[in-house]
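Shown next, in structure tokens, is the structure this report addresses.
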Amino acid sequence: MADHSSTYEPKSATAKWWDERLPIMRLLSDQMITFPTPKNINYLWTFGGILTVFLLLQLVTGIILAMHYQPSAAEAFNSVDNIMRNVNYGWLIRNMHAVGASMFFIAVYIHIFRGLYYGSYKAPREILWILGMLIFLAMMAAGFMGYALVWGQMSFWGVTVITNLFSSLDGIIPGLGTAIVEWLWGGYSVSGTTLNRFFSLHYLVPFVIVGLVVLHIWALHMTGQNNPTGVEPKTEADTVPMHPYATSKDLFAMFAFFLMFAWFVFFLPDYLGHPDNYNPANPLVTPPHIVPEWYFLPFYAILRAIPDKLGGVIMMFGAIAVLFFIPWLDRSRIRSARYRPIYKWFFWLLVISCLALGYLGAMPAEEPYITWARIFTAYYFAHFLIVMPIVGVLEKPKPLPASISDAVEGGKSSSGASAHKKN
Amino acid sequence: MASDTKDPNRRDFLVVAGNTFAAIGAASLIWPFIAQMNPDAGALALSSIEVDLSPIKEGQAITAMWRGKPVFIRYRTAEEIEAAKKVALDDLADPIARNENLKDPASAPATDQNRTIEGHEKWLILIGICTHLGCIPEGQKISDARGDFGGYFCPCHGSHYDTAGRIRKGPAPRNLDVPVITFITDTKIKIG
Amino acid sequence: MSKQAIAIFAALLGLIGCLTVLKSSDAYAAGGEAIHIERHPWSFAGFFGQYDKPQLRRGWQVYQDVCASCHGLKRLSFRNLAEPGGPEFPVESVKALAKNWDNKIFAGPNEDGEIVDEDGELLVRDPLLSDPILGPYANDNAARSANNGALPPDLSLITKARGIPTHAIWYKHVAIMARDIVNGYQEGGADYVYALLTGYKDAPEGVQLSEGMSYNVAFPGHQIAMAQPIPEGGAVEYQKNAGAKTSLHQNAEDVTAFLAWAADPSLDARKNLGWLVMLYLLITTVLLYLGKRVIWSRVKH
């Protein structure tokens, strides 16, 4: 359905002149207006558009902040404070950027779990999924380095702890880890040199994300969107043109999401941060309780759950790496968990595990939290490495609808179709 | 004599050689781009510092700064030395001394003797950075928590060090490092 | 879909209602053990909260008379005291205040390249409106050496740099988080500062205080180097028209409100704009929803 033949007709002489030289209007028309979209996609499919808007918003606010920010150990914290106090609307733009990063991650986590539930990673969408994971990685890099730029206590010690992860490689080749860490720092400890390179890279990474997003959308438009049934559109009756159908739904969802965004920007701007980051960085005092930004907490919990340093680091990176292999780990023939009565329960177990790990990552490294973190870490990996391959083979799926239209017309009242609308 | 253009082998060789040279040049250029991130000449300059130990009384500790890192200097009490000496090597999580001043720092056992400078065993001098993830352990100030083994305690992820700075419990993989130290006099040291 | 949307919306409203009504006196803790810190009814709390101008003026008086002998306020300039949204003192009196401020501005090097005068004192000048409100110490080391090793922190951001960590069983933790988000609770730092200022007590039996330390119920570890700054009867004499009578609790509340303003001077403007933006977004969202319904009514989905 995706490689639908072009229906664009230039309506004026100018449009025709352009179309023969740079068919950009044809591209937009074919990919954004007439592009066939499954007519049964629900609100969980609006997060792609929301993410695109937030990427642009982060770029714009970030470029503005860079006009006022000074990337030096002596002035970074002061310049952020100056933005908050003295720059015209500085508080607004800084709050938008800081809260925007959190909203970006909320949206991306919903987007990823939607993909997991409805099997959007399965053939022929493997490349689409992997590109998405690369975007996720780049986002984490951008978020981590951006938090460092504030140069408060949490910034400084977060960078110290996370860059020190690489020193665990000393356990494989003595000296390798230390060499890498000193290379990252540009010195023997985290310093202004480190801050300066983080600033440079923090400015670069979002443009890399833009490039990856272009590829992600390109790949999406090759295969077309998945939908809640996981059954590919078969006839034109199964789809609607993207405009005005998907676009109107996307726009509504986007504004609903903006409501939450504005709530935090105007009424809770510091809620998602940490008070310690309003203390300037001090290399001689470690805060009693170092926590990363909330969106890293599940991975941080996995790191701390393992008593061995190298083991913890391997598990933490492994938790991200395993996501890249999901298209081949899942052995089920069925895409959507809606028709997978057993797997569905495991999916919710995974959601609970990730939420629990997030909570445990914010707790101190002591009992009983460590034991619980180990249990949920074990399930996190078991889900991908054991449940996905095995349940896919053992489970007897529910009968799939013949087509999307069938599901919409016959299935409206059946339990399969309506039970998951609230997702 | 055949012209270059008519000899396919020779032409191929030149093309391959040219492309290879271009590739080598491009690849070589990567190195400066990577190496620039290493510590620069200013940071590398081995700044050693001298510390006067005479104001420190028994049971007290001070923190000196060396290469941007805190160095813990402690005048240990007799009980602390005794406690460190009593520990069997088998009880240590990391049995290696990690003392830059020894002849074989990579293999010497982490006895209390090997964790200090010969002839100055009452002084415990350590780089005050947790070998887990680089936090600064507590234990220098009197009001600090000193962990289950009476030495240092890292609040970040709960590593406990004993009175010779050896890791005894928690996720840290190594004993606290002993920097290069020279005793200029009995109460004056040079670090680095 | 629309029925479900209404159901979800109603559920959300119900949840918000419940959370708003929930009493705000759960056990909170700072530091390792459970320390109970009350939530104070600040005038600037919640969505509609704004600073109380007379209170900010009283708070400045407490800062000036009590705190300023040790603590700086260096991220603020004197001009801020006259700007809208703050205590809004008259410009002329702020000018006079700056001129008489004890902690002068470094003015060297002079034309001859000197940085000290004949007596070896640093060259200084009186602060202007645009100059920072400095504390008495030239640097952190000077501050430590004058205070027995303890560093009196600069207070410009103190209410943002402190908070009340939640120590509750996980389901309660989640409920507290949700309630705080719904209620727009941002005053943890102010609650902590107020609790600290009013938290000086005699050390309970069995607690050995180190030399020069005081016992404080709100401070993590309970041993604090700062002696009780505001005595039981209050530390400053308020003017008759100041709007309140002096007492420990009144002084503490006023200075905390002032410090909250110092840390977040754009709060009033932020909330005012916030309500306009929320209103605009709400209307637009409803319109877009109705438009979307019209469009989608053409297909069975």
Original post:
Which of (1) open to solvent by 40 Å² or more (accessible area, probe 1.4 Å); (2) within 23 Å of A:L195 (Cβ to Cβ); (3) within 14 Å of another protein chain (Cβ to nearest Cβ) does A:N88 not meet, given it meets every other one?
Top reply: (2)
**OP:** Would you list the helices (runs of 4 or more DSSP H) that sit entirely within the range C:120-219 and hold 3 or more residues that are more than 10 Å from every other protein chain (Cβ to nearest Cβ)?
**Re:** C:140-146, C:170-183, C:188-197
**OP:** Please work out if C:I283 is assigned to a helix (DSSP H, G or I) and open to solvent by less than 40 Å² (accessible area, probe 1.4 Å).
**Re:** no
Original post:
Just one of the numbered conditions (1) assigned to a helix (DSSP H, G or I); (2) within 14 Å of chain B (Cβ to nearest Cβ) is not true of A:Y147; which one?
Top reply: (2)
**OP:** Looking for whichever is assigned by TED's automatic domain parsing to the domain that holds A:F261, surrounded by fewer than 20 Cβ atoms within 10 Å (Cβ to Cβ) and more than 28 Å from the chain's Cα centre (by Cα) here; the options are A:A66, A:A74. Which one fits?
**Re:** A:A74
Original post:
Just to be sure, is A:I290 part of a loop (DSSP other than H, G, I, E, B), aliphatic (A, V, I, L, M) and away from chain C (no Cβ under 11 Å)?
Top reply: yes
Original post:
Residues of the range C:58-79 being open to solvent by 20 Å² or more (accessible area, probe 1.4 Å), under 26 Å from C:G234 (Cα atoms) and within 14 Å of another protein chain (Cβ to nearest Cβ), which ones?
Top reply: C:K74
Original post:
Looking only at residues in the range A:160-208 that are more than 7 Å from chain B (Cβ to nearest Cβ), among the aromatic types (F, W, Y) and touching a helix residue (DSSP H, G or I) at 6+ places or on another chain (Cβ under 7 Å), which one is farthest from A:I63 (Cα to Cα)?
Top reply: A:F166
Original post:
Is the range C:246-256 home to any residue that is closer than 17 Å to C:W60 by Cα, more than 22 Å from the chain's Cα centre (by Cα) and open to solvent by 60 Å² or more (accessible area, probe 1.4 Å)?
Top reply: no
Original post:
Of the numbered conditions (1) among the hydrophobic types (A, V, I, L, M, F, W, C); (2) open to solvent by 60 Å² or more (accessible area, probe 1.4 Å); (3) closer than 19 Å to C:F48 by Cβ, C:A269 satisfies every one except a single condition; which is it?
Top reply: (2)
Subject >> Hits in the range B:137-158 (condition: farther than 18 Å from B:W123 by Cα, of a type in the set (A, V, I, L, M, F, W, C) and either modelled with pLDDT under 85 or not assigned by TED's automatic domain parsing to the domain that holds B:K69 (or both)) >> reply: B:A145, B:C154, B:C156
**OP:** Report, ordered by the first and then the second residue, all pairs with beta carbons closer than 6 Å, sequence separation of six or more or different chains, a first member in the range A:163-175 that is farther than 13 Å from A:M316 by Cβ, and a second member that is of a type outside the set (V, I, T) and assigned to a helix (DSSP H, G or I).
**Re:** A:T163/A:L184; A:S167/A:G177; A:L169/A:L176; A:L169/A:G177; A:D170/A:G177; A:G171/A:L310
Subject >> Members of the range A:306-331 found to be surrounded by 18 or more Cβ atoms within 10 Å (Cβ to Cβ), within 10 Å of another protein chain (Cβ to nearest Cβ) and aliphatic (A, V, I, L, M), listed by number >> reply: A:I306, A:V313
**OP:** Kindly establish whether A:L59 is open to solvent by 30 Å² or more (accessible area, probe 1.4 Å) and either assigned by TED's automatic domain parsing to the domain that holds A:S155 or at pLDDT below 95 (or both).
**Re:** no
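The values are calculated or read from the model by the stated rules, or taken from the named source; none is laboratory data. Remember, predicted model here, so these are calculated numbers, not experimental data. Glycine gets a Cβ as well: all are built from the backbone with ideal geometry, and neighbour counts include every protein chain shown. These accessible areas exclude ligands, DNA and RNA; they are computed on the full protein's heavy atoms, side chains included. Shrake-Rupley method; radii C 1.70, N 1.55, O 1.52, S 1.80 Å.
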